[in-house]
Structures are given as structure tokens and as C-alpha cells.
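Down below is the structure, laid out as C-alpha cells.
Laboratory data are not the source of any read-out in this text; all were calculated from the coordinates shown. Values in this document were obtained by computation on a predicted structure and should not be read as measured data. A quick note on method: Cβ atoms are made from the backbone with ideal geometry, for glycine too, and the neighbour counts reach across all protein chains shown.
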Amino acid sequence: MYRTDRLKAPFFEIGPKSYLFGDDVLSLAKAADAAAQKYDVDIIFTAPVVEIRRIAESTERILVFAPHMDPLRPGRGLADTLPESLVAAGASGVMLNHCEKPLSLNTLAATIARADEVGLMTIVCTDSIAEAKAVAYLNPNVIVAEPTELIGSGKTSDKEYVQASIAAVKSVNPDILVLQGAGIKNGDDVFRIIAAGAEATGSSSGVVKAADRAAMVDEMIAAVRRGWNSRRT
């Protein structure tokens with residue numbers, strides 16, 4: 001399992017959601033693993049819970065995240081996702097508060113605390129600059145600044161939103177990494193977002209709906225590296 005304390009900018013998140021299952025998810029994870037090694041870019045791979053162990057045992061460089069968990073402790077809790085079970089399966093972290101699995105602020109705070117307790121990293125989705133700043137007070141590892149209306153739209157955030165959302169989060173806690181998501185469909189989108197100042201971006205439908213998923217992963221991760229390097233010249 002890749003070391004969780006090495007997540008660094010620039011990085012990328014791939015979330016197949018429920019578009020893929022079984023061997024197709026594993027194949028995508030292996031493509032992501034190869035691209036992470038090729039371009040020296042950290043990749044968070046948010047896997048279906050039932051695939052976490054197989055993916056974690058079949059890859060070396062990606063960080064395998066769960067798509068959700070509950071803040072319960074061992075004992076009662078039929079059909080809930082126990083934090084300790086994710087650690088045992090090989091997860092490095094967990095995604096929380098996605099627009100398809102929203103949490104109240106109180107539940108989010110409790111779930112982040114449980115993740116910290118068991119050693120899981122947290123990546124928390126927000127859909128506005130105000131929400132991103134509010135969530136920053138809960139001290140997750142990563143905040144996704146992702147306007148809900150852009151998810152799956154093929155449209156990306158503009159440079160002003162990228163810079164304003166980063167500034168809002170960093171004003172609370174400069175150690176929190178900020179991922180700019182939504183609408184990423186190809187390498188050009190990735191390059192533009194990273195070159196505009198983002199520490200990270202990611203894609204779901206842009207990857208899983210591609211004619212050649214492995215080629216699209218390679219294109220996007222290469223663009224992360226190029227966009228980051230362009231800021232250093």
C-alpha cells in the first residue's frame with residue numbers, strides 16, 4: 001500500500017462511481033497505477049467499497065480511497081461502512097460529502113474525526129467557496145472545490161473560482177490541499193486547471209466514458225505534470 005503521508009501536489013483523483021464494476025474497475029486502477037509511476041503524480045483512486053481490497057493488493061503507487069464511510073464504532077450497524085473495515089481492506093483514505101452522498105455538518109465532523117482516529121485520509125467535497133471555507137475548519141486532508149452544477153457537464157471552473165476557492169481554504173488552514181473538480185473531460189482541461197494555480201484536479205465520466213480509458217488516464221496525468229511544470233518556468 002502506498003504511504004498516505006506522501007500525498008503531495010500536484011495530484012489527481014479518479015472516481016469510477018458506479019459506471020464500472022468488477023474487472024473493469026481493476027483494469028482502470030492498474031492504468032492509473034502505471035500513469036502515477038510514469039509521471040510521478042499521486043493519484044487518489046476512489047474505488048467501490050467491494051473492490052478496495054483487490055485494488056489495493058494489485059497496485060503499488062495509487063492511493064485507494066473509499067467512496068464513503070459512517071462514523072460508527074465496531075458493534076451494531078448493519079449495512080453501515082465501518083472505518084476499521086476500510087483500513088483492514090487496504091484503503092488509504094475516504095471521500096466524504098459528495099453531492100451524491102451528502103452529510104450534515106455534524107455528521108461530517110464526526111466522520112472526519114473517526115477517519116483521523118483510524119489513520120484514514122479524508123477528501124471532502126464542497127460545492128461553493130463558502131462551504132469550502134466552512135469545511136476547512138474541520139481540518140480534512142483535502143477539500144474538493146467542485147460546483148455541483150458543473151459535475152458531468154463538460155464545463156470547468158474558471159481561473160477566478162480556482163484562485164478564490166484556494167485562498168478561502170488556505171486562509172483557514174494552509175496545510176489543506178485543494179482539488180478543483182467538475183467537468184474535466186480531457187488533458188487540455190487538466191492542463192488549464194493546473195496551470196491556473198490548482199494543486200489537483202480529477203475526473204469520473206471523462207475517464208470512464210472515454211473510448212480508451214487507459215489512454216485517457218495517461219493523457220490526463222501527463223497534463224497534470226505539464227501544467228505543474230509550466231508554473232515553475
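The table for this structure:
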item: Three-way shape label, segment 59-184, alpha-carbon gyration tensor, a/c 1.5; result: prolate
item: Of 164, 44, 15, farthest towards positive along the dipole that unit charges on Lys, Arg, Asp, Glu beta carbons give the chain; result: 164
item: Projected-area mean, the chain, by convex hull of Cα positions, square nanometres; result: 11.5 nm²
item: Ranked list, fewest to most other Cβ atoms within 10 Å of each Cβ, for 46, 201; result: 46, 201
item: Net charge dipole size for the chain [Lys, Arg +1 and Asp, Glu -1 on Cβ; Debye, nearest 20]; result: 340 debye
item: Percentage relative contact order, segment 1-148, counting C-alpha pairs under 8 Å, at least six apart; result: 18 percent
item: Subset of 30/159; 101/209; 38/170 violating a 26 Å alpha-carbon distance limit; result: 30/159; 38/170
item: Residue-averaged [θ]222 nm for the chain, counting only DSSP H segments that reach four residues, each worth -39500 (n - 2.57); result: -12500 deg cm²/dmol
item: FRET efficiency estimate (nearest 0.05) - Cβ-Cβ, residue 130 to residue 60, R0 41 angstrom; result: 0.60
item: Neighbour-count order for 11, 45, fewest beta carbons within 10 angstrom listed first; result: 11, 45
item: Highest-fluctuation residue, 176, 14, 184 considered, GNM on the chain with Cα pairs under 10 Å; result: 176
item: Relative exposure of 220, 95, judged by other C-beta atoms within 10 Å (fewest first); result: 95, 220
item: Between segment 13-54 and segment 70-109, the Cα center-to-center distance that results, in Å; result: 19 Å
